[in-house]
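Before any comments, here is the structure.
The values are calculated or read from the model by the stated rules, or taken from the named source; none is laboratory data. Only a predicted model underlies this, so the values are computations on that prediction, with no experimental measurement involved. Every residue, glycine as well, gets a Cβ built from its backbone with ideal geometry; the counts of neighbours run over all protein chains shown. When the accessible area is computed, the model is the full protein with side chains, heavy atoms only, and any ligands, DNA or RNA have been set aside. Shrake-Rupley method; radii C 1.70, N 1.55, O 1.52, S 1.80 Å.
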Amino acid sequence: MITLIKGFHDILPDDSPRWEFIVRTAAETLRRFGFREMTPPIMERTELFERGIGELTDIVEKEMYTFEDRNGESLTLRPEATAGMLRAVAEHSLLRKEPVLKVFTIGPMFRRERPSKGRFRQFFQVDAEVVGDDSPFTDAEVIAAAHAIMTNIGATGLMMEINSVGCPECRARYRVVLQDFLRAYLTELCDDCRRRYERNPLRALDCKVARCEEIARDAPLILDHLDESCRSHFQAVQDALRMLGIPYRIEPRMVRGLDYYTRTAFEIVHEELGRSKAVGGGGRYDSLLKELGGPDVGGIGFAIGLERLSMGLSDDDPRFTRSIDVYVAALGDRAQPEAFRILDLLRKAGIAADTRYSTKSLKAHLKVADRFRATRVVMLGDNELERNEATIRDMNTKEQFTVRIENIVAFLQGAES
Ligand code: HAM
C-alpha cells in the first residue's frame, strides 16, 4: 500500500463537516470585517520567501519544501501566505485602486517541521491582511477579527498575547543591548542561536531549545527600548482592545518566527498547547511591501492554523455530524426505478436525498437512513406502488404518512417549511 507522506494528513469525509464549518465561519467573520477573498498560488519563487520571511529564520533555513524546476528555477511550496499575498498586491498594483486593501485567503501551507500533535508538514491557514494603513485602530481591528473567528467557532481556552517588536530603529538599538546580554552566554546557546548572534540575535528569544529559553528569560526586553512613537502606538492598540473588551496579555518576549514584523505582534495561544503550538499569530509589517517591490506602505495581518483550531472542538457536536434530508427506501425490484426517479425529483427540488440501491430489506434501509441521519424516509413497497402511494416516516417523531407518489416532493417541501 502506498501511504501518506509523513506530516501530511487527509481530511476524511467524517472530518469534512467540522472542517467546512471552520472554513465557512472564518470566511463569514472576515467578510463582516470588510475583508475580501483572494487566492494566490501555493508555489512561488524561492526568493520571495527568502526576502519576505528572512534568510535567518527557521522557516527559510530548515523548513521549506524547495526544489529545482525543470528549467533550473528554484521554486518553493509556500510556508505561509503573507509573502505571496503581498507579492500579488505589488504585482497587480492593487493599492492604486484601493489604497487600503483588506484581503484573506484560506489554503494549505507547507513546512518541513518535526511532526507531532498539532504540528504538520502540510497544514491549512486562514490568513488575513490589511495593507496600506498605519492606524493603531487597524491593529486592534485585525486582532479583533482573529478573536471573532475564535469566538464564532466556539473555541475555548485561548488567550491573546501581544507585544511590540518596535520599528527598525528601535530594534537596531535593542539589538546592541541584547547582544551585550547574550555575549556572556555565547558558549551555552544552541548552534543556531550562536550562528545568528551577529546578524539576527532576536531569534534567540524565539528559540525552543531549553537552555536558550532559560537564558532568554533574563534577557532585556524590547518593550523597555521602544522609542516614543512605537510606545504610543502600542499604548493606542491596547486602549482600542480594551474599548472592544478583548482580553489580552502582554508577552514581552514574543518576537514571532518571521522577520518581517514591526511594532505590533500577537499570538493566540492555547492554555494547554502553549506558545510553541500557537493557534494563530500575526503582526504589523511596515517595510515588507516595499521590500517586495511595492509602494512604501505598512500593513498588518494574521494567520490561524485550522488543524489546531479544529483540535479544540468536540467530536460530538451535532453541527459536525453527517446529515441528509431524505432517504428513499426501495423495497422490491419494481420500486427501484421509482426510487431512482423520485430521488432525481427531490434533488432537483433542492432536497438532499440519497439511497443505497443494493440494500433490500426495510430493516437494512432504516439502518442506513439512521447512519445518514436522514430526517425523513420515503418507503416504496411494491403493493403501495400499485396504489400509487408511498409511506413517509418522520425519523424524529416516528410518525408515518401515506402520500400519493406525485405529491411526495410537495409533501416533503411543505413539511420542510
Ligand atoms: P505563523 O505564526 O508562522 O504566522 O503561523 C500561523 C499559524 O499557523 C500558527 O499559529 C499555527 O496555528 C499554524 N501553523 C504554523 N505551522 C504549523 C504546523 N507546522 N502545523 C500546523 N499548524 C501550523 C504566519 O504564518 C504569518 N504569515 C501570519 C501573518 C499573516 N502575519 C502577518 N500576516
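Return yes when D344 is without any contact (Cβ under 8 Å) to a residue 12 or more places away in the chain, under 33 Å from the mean Cα position of the chain (by Cα) and away from the ligand (no atom under 14 Å from the Cβ) and no when it is not.
Taking the combined requirement at face value, the residue does not satisfy it.
Is there a residue in region 91-114 that is exposed (fewer than 15 other Cβ atoms within 10 Å of the Cβ) and within 14 Å of the ligand (Cβ to nearest atom)? Yes, there is a match, as at least one residue in region 91-114 is exposed (fewer than 15 other Cβ atoms within 10 Å of the Cβ) and within 14 Å of the ligand (Cβ to nearest atom).
A residue that is within 12 Å of the ligand (Cβ to nearest atom), in a strand (DSSP E or B) and touching a His at 6+ places or on another chain (Cβ under 7 Å) occurs nowhere in region 131-150. Pairs are defined by a Cβ separation below 6 Å, a sequence spacing of at least 6 or placement on different chains, a first member in region 181-197 that is touching a residue at least 24 places away in the same chain (Cβ under 8 Å), and a second member that is in a loop (DSSP other than H, G, I, E, B); the pairs so defined are F181/A219; F181/P220; R196/L56. Summed over region 1-21, residues that are surrounded by 17 or more Cβ atoms within 10 Å (Cβ to Cβ) and modelled with pLDDT of 95 or more total 1.
What number of residues within region 288-334 satisfy the criterion of being assigned to a loop (DSSP other than H, G, I, E, B) and among the hydroxyl-bearing types (S, T, Y)? Let's see the steps before the verdict.
First, pick out the residues of region 288-334 that are assigned to a loop (DSSP other than H, G, I, E, B): 292-298, 312-317, 321-325, 332-334.
Narrowing further to those that are among the hydroxyl-bearing types (S, T, Y): 314, 321, 323.
Within region 288-334, residues that are assigned to a loop (DSSP other than H, G, I, E, B) and among the hydroxyl-bearing types (S, T, Y) number 3.
Inside region 356-377, residues that are open to solvent by less than 10 Å² (accessible area, probe 1.4 Å) and in contact with a helix residue (DSSP H, G or I) (Cβ under 8 Å, 6 or more places away or on another chain) make up a count of 1. Among the residues of this structure, I268 counts as one that is modelled with pLDDT of 90 or more, assigned by TED's automatic domain parsing to the domain that holds A303 and open to solvent by less than 20 Å² (accessible area, probe 1.4 Å). Scanning region 41-78 for residues that are open to solvent by 20 Å² or more (accessible area, probe 1.4 Å) and among the small types (G, A, S) yields a total of 2. Within region 196-218, the residues that satisfy the criterion of being under 33 Å from the mean Cα position of the chain (by Cα) and open to solvent by 80 Å² or more (accessible area, probe 1.4 Å) are R199, K208, R211, E213, E214, R217.
Considering the conditions (1) outside any loop (DSSP other than H, G, I, E, B); (2) within 10 Å of the ligand (Cβ to nearest atom); (3) of a type in the set (D, E, K, R), R256 is excluded by exactly one of them, (1).
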